[in-house]
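The values are calculated or read from the model by the stated rules, or taken from the named source; none is laboratory data. Just so you know, these numbers come straight off a predicted model, no measurement behind them. As a convention, Cβ positions derive from the backbone with ideal geometry for all residues, glycine included, and neighbour counts pool all protein chains shown.
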Amino acid sequence: MPAEIYLNVAVGGILTGLVYGLMALGLSVIFGVVRVVNFAHGEMMTIAMYLAILAFSALKLDPLVMMVPIAAVLFALGYAMQAALINPFINRPEHSQFILLVAVAIIMVNVLLIIFGPDARNVMTSYSFDSFQVGPLIVDATKVYAGAAAIAVAAVLFAFFRFTYVGQAIRACADNYTGALVVGLNVKQLYALTFGIGAACVGAAGAMIVLIVDVTPALGPAYTLLAFIIVITGGLGSMPGALLGGILIGLTEAMAGLLFSPSAKSMFAFGLLVIVLLFRPQGIMGKRVA
Amino acid sequence: MNRKSNSSTARVSRRAVAAGLGAAGILAGTSPFNILRAQGAALKVGSLLPRSGFQAGIGQDCQRGVDITNGILKELGYRELQIMNADTESNVDNARAQAEKLISEGAQLLMGAFDSGQSTAIAQVAEQKGIPYVINIAAAPPITEQGYKFVFRNFPIAPVILGDAFVNQKEIFAATGSAPKTVAFLHVNDTFGTAMKNGIGGIMPKHNMPFTIAETISYDPAARDLSVEVAKAKATGAEALLVVSRLNDAILLTRELVKQRWSPMAILSMGPGWYEDQYLKTLGKLSDGPLSFVPWYDPNKKVAKMLEAALAKASPGVNMNTNHVYTFEALLVAADAYKRAGSTDPKALADAIRTTNIIDNVSPGPGIMFNEKGQNDKLKNSAIQNRDGKLVTVAPKEAANAKVEWPLKPYDKR
């Protein structure tokens with residue numbers, strides 16, 4: 001095979017991985033602070049994808065333009081979910097939280113099925129079929145835009161948690177729940193805010209992924225699983241880990257498809273997960289729990 | 001307890017006897033009407049299709065065939081069928097569960113399920129329960145090689161599709177004076193795709209094809225991204241693409257061909273996907289050109305025209321295709337068997353299906369009839385080309401209504 005094919009496939013894998021990473025970032029943020037595993041993560045992304053499709057079909061608004069409004073809608077959804085549904089479960093056993101979020105996921109899939117039907121839907125923008133050629137390298141334009149947007153959103157998120165008062169307060173809640181209560185932080189509200197931010201991340205990712213993947217109501221569970229693989233590989237609760245995990249999984253799938261068999265892509269992604277769990281159970285960038 | 005029990009069963013009063021006799025009289029008096037109603041009742045047909053999940057587009061298309069069937073049956077002098085719809089969700093386990101559910105709810109015959117894996121599961125249930133099952137679309141050979149007594153298939157098996165495809169391809173190569181020397185073979189790794197891949201090794205050498213397969217690339221039919229697959233195929237330097245795909249992946253493959261700036265000499269499909277209405281509508285002018293070598297219909301047959309008219313009325317703008325034709329024919333087999341059997345008894349229905357001889361049908365060939373394995377082995381396939389959002393038949397010559405456009409018009413020049 002010509003050498004440039006490896007480069008083409010690797011770049012495609014990294015760009016796809018960046019968007020995967022942004023999606024997983026939301027899951028990691030939520031778990032890192034609220035300590036609840038969002039089993040409805042992929043389904044929330046599917047909702048965002050349908051919102052992007054509605055905006056495009058009704059108003060011809062580009063999904064990348066709609067990324068911020070969709071993230072805002074998902075933020076509201078996430079905030080409401082945490083405040084109304086999940087907060088009462090915060091101190092309950094983990095299996096209760098698990099069942100609650102699985103139920104929410106199933107409800108979301110079925111509501112989408114009722115509203116939109118089972119057909120696959122997609123967005124055809126003016127650049128849907130474009131690609132950039134740089135020497136022998138041909139890169140999918142939509143993946144470039146989506147990858148760049150993923151980096152921008154991740155940078156904003158990092159800055160928010162690092163430099164804003166609210167971001168620091170959320171990190172304080174994550175570090176020491178009791179301490180946060182003692183200094184007078186409204187922990188429940190901060191939890192709702194965090195869940196909203198995680199949901200906003202997945203909303204932004206959904207608006208980007210709709211450019212690459214056709215959406216059906218049944219798409220959610222596959223992406224929930226993918227987000228789990230990514231955050232466990234990168235380190236549950238670590239934001240840079242989620243991005244790194246996304247890139248690694250995207251790259252692993254792409255190169256496995258090229259070097260071995262495309263049918264075996266998922267096998268290699270799971271293989272990577274097993275290796276990480278064996279040799280670094282906390283994930284590549286996760287903190288070891290004492 | 002004992003006393004109560006005794007008192008309730010002890011004596012039968014005169015009033016009770018009179019009421020009983022009256023009831024018996026009413027029952028006896030109306031029973032002939034009951035028999036008549038039973039004979040007049042519609043046959044309950046459980047229709048199993050993948051109407052959601054990754055095969056939803058094709059399942060919904062098959063459903064269009066189901067929806068227009070009763071009107072045509074009536075015109076042809078058959079009794080209408082009572083359709084009991086079930087969604088397999090593109091999932092083998094669910095197909096099995098839905099088949100069992102339909103039978104428990106009173107289905108007297110099963111029909112479906114587009115996909116070989118799902119059809120295999122339904123066939124096992126049908127055989128176990130002794131309920132006739134007519135397959136609309138599924139090509140994996142083993143389904144009718146099991147010695148089943150209640151399973152029938154009016155659809156060619158993979159080796160027949162392949163054999164006819166190679167014959168029609170050679171006819172096109174001869175007509176255009178041009179043929180690819182190498183092809184990249186891309187196929188889905190489900191039951192159908194694997195059966196086709198396994199068949200190629202044995203059947204292609206017999207046809208002395210002008211091309212060799214540079215690389216065989218398999219992929220998951222539910223794949224969300226096929227960029228690596230197309231990059232790999234392109235890297236082989238193959239002149240054309242040989243594909244066995246489904247609908248969503250056919251759309252994904254085309255998108256990747258455009259994005260990766262590769263216009264092969266031809267796309268030779270030996271399965272669904274490339275001629276589907278959703279493919280044509282989603283891709284617009286980019287959908288033009290692929291050739292599909294598939295079980296099709298004879299546009300000159302009377303019933304084909306009826307089906308086309310009914311589809312045009314029910315679903316304006318939808319091109320008639322394999323999904324509508326073979327779903328309709330499976331239900332036609334059911335209606336015909338019920339008419340001849342005059343009973344809903346499963347064994348009588350199965351016996352009637354076994355002796356089917358429908359010459360007034362839609363698909364090419366002499367008609368619908370089954371061999372001792374329950375397989376219609378007299379079906380013929382055609383070569384179809386997408387042209388301006390429509391489908392034209394380009395081979396075999398006797399069934400063609402257009403000349404092939406060759407080679408594929410480059411995607412960047414459309």
Checklist entry - Being of a type in the set (Ser, Thr, Tyr), in contact with a Lys or Arg (Cβ under 7 Å, 6 or more places away or on another chain) and part of a loop (DSSP other than H, G, I, E, B), is that true of even one residue in region B:297-311? => result no
Next on the checklist: Restricting to region B:236-293, name every residue that is closer than 17 Å to residue B:168 by Cβ and free of Cβ contacts under 8 Å to residues at least 40 places away in the same chain.
Outcome noted: B:269
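So, in region A:154-165, how many residues would count as being exposed (fewer than 14 other Cβ atoms within 10 Å of the Cβ) and not in a loop (DSSP other than H, G, I, E, B)? Quick ask: steps written out before the conclusion?
Going through region A:154-165, the residues exposed (fewer than 14 other Cβ atoms within 10 Å of the Cβ) turn out to be A:155-156, A:159, A:162-165.
Keeping just the survivors that are not in a loop (DSSP other than H, G, I, E, B) gives A:155-156, A:159, A:162-163, A:165.
Qualifying residue count, region A:154-165: 6.
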Item to check | Residue in region B:268-285 that is modelled with pLDDT of 95 or more, part of a strand (DSSP E or B) and either within 14 Å of chain A (Cβ to nearest Cβ) or buried (at least 23 other Cβ atoms within 10 Å of the Cβ) (or both) present | outcome: yes
Checklist entry - Of everything in region B:179-188 that's surrounded by 19 or more Cβ atoms within 10 Å (Cβ to Cβ) and touching a Ser or Thr at 6+ places or on another chain (Cβ under 8 Å), which residue is farthest from the other protein chains (Cβ to nearest Cβ)? => result B:183
Checklist entry - Quick one: how many residues across region B:50-95 are under 17 Å from the mean Cα position of the chain (by Cα), assigned to a helix (DSSP H, G or I) and more than 12 Å from chain A (Cβ to nearest Cβ)? => result 9
Checklist outcome for this item: Selection over region B:243-265 where residues are surrounded by fewer than 24 Cβ atoms within 10 Å (Cβ to Cβ), of a type in the set (A, V, I, L, M, F, W, C) and not in a helix (DSSP H, G or I) yields a count of 2
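Listed here are the residues, each with its yes/no results for (1) at pLDDT below 95; (2) over 30 Å from residue B:314 (Cβ atoms).
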residue	(1), (2)
B:29	yes, yes
B:63	no, no
B:66	no, no
B:81	no, no
B:93	no, yes
B:105	no, no
Checklist entry - Do we have residue B:145 as at pLDDT below 95, away from every other protein chain (no Cβ under 14 Å) and more than 15 Å from the chain's Cα centre (by Cα) here? => result yes
Checklist entry - Residues of region B:208-242 being assigned to a loop (DSSP other than H, G, I, E, B), more than 19 Å from residue A:13 (Cα to Cα) and within 11 Å of chain A (Cβ to nearest Cβ), which ones? => result B:221, B:236, B:237
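Of A:260, A:270, A:228, which residue is touching a residue at least 12 places away in the same chain (Cβ under 8 Å), over 17 Å from the mean Cα position of the chain (by Cα) and surrounded by fewer than 22 Cβ atoms within 10 Å (Cβ to Cβ)? Outline the logic, then answer.
Working: A:260 fails: touching a residue at least 12 places away in the same chain (Cβ under 8 Å); A:228 fails: over 17 Å from the mean Cα position of the chain (by Cα).
A:270 is the lone residue from the list that is touching a residue at least 12 places away in the same chain (Cβ under 8 Å), over 17 Å from the mean Cα position of the chain (by Cα) and surrounded by fewer than 22 Cβ atoms within 10 Å (Cβ to Cβ).
Given the options A:106, A:86, A:138, A:151, name the one that is assigned to a helix (DSSP H, G or I) and either within 14 Å of chain B (Cβ to nearest Cβ) or acidic (Asp, Glu) (or both). I'd like the intermediate steps shown before the answer.
Working: A:86 fails: either within 14 Å of chain B (Cβ to nearest Cβ) or acidic (Asp, Glu) (or both); A:138 fails: assigned to a helix (DSSP H, G or I); A:151 fails: either within 14 Å of chain B (Cβ to nearest Cβ) or acidic (Asp, Glu) (or both).
The match here is A:106.
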Next on the checklist: Go through (1) surrounded by fewer than 24 Cβ atoms within 10 Å (Cβ to Cβ); (2) at pLDDT 95 or above for residue B:236 and report which single condition fails.
Outcome noted: (2)
Checklist outcome for this item: Checked against (1) outside the structural domain of residue B:350 (by TED's automatic domain parsing); (2) in contact (Cβ under 8 Å) with a residue 12 or more places away in the chain, residue B:177 satisfies every condition except (2)
Checklist outcome for this item: Counted residues in region A:121-176 being free of Cβ contacts under 8 Å to residues at least 12 places away in the same chain, more than 23 Å from the chain's Cα centre (by Cα) and under 30 Å from residue B:56 (Cα atoms) come to 3
Checklist entry - For region A:206-222, does any single residue satisfy the condition of being among the small types (Gly, Ala, Ser), within 22 Å of the chain's Cα centre (by Cα), buried (at least 22 other Cβ atoms within 10 Å of the Cβ) and more than 30 Å from residue B:256 (Cα to Cα)? => result no
Checklist entry - Failed condition for residue B:393, given (1) closer than 20 Å to residue B:265 by Cβ; (2) crowded, with 16+ Cβ neighbours inside 10 Å, with all others met? => result (1)
Checklist entry - Taking the stated definitions as given, is residue B:125 surrounded by fewer than 24 Cβ atoms within 10 Å (Cβ to Cβ), under 20 Å from residue B:344 (Cα atoms), within 19 Å of the chain's Cα centre (by Cα) and in the same structural domain as residue B:66 (by TED's automatic domain parsing)? => result yes
Next on the checklist: So, in region B:254-267, exactly how many residues are of a type outside the set (Lys, Arg) and either under 21 Å from residue A:118 (Cβ atoms) or within 13 Å of another protein chain (Cβ to nearest Cβ) (or both)?
Outcome noted: 7
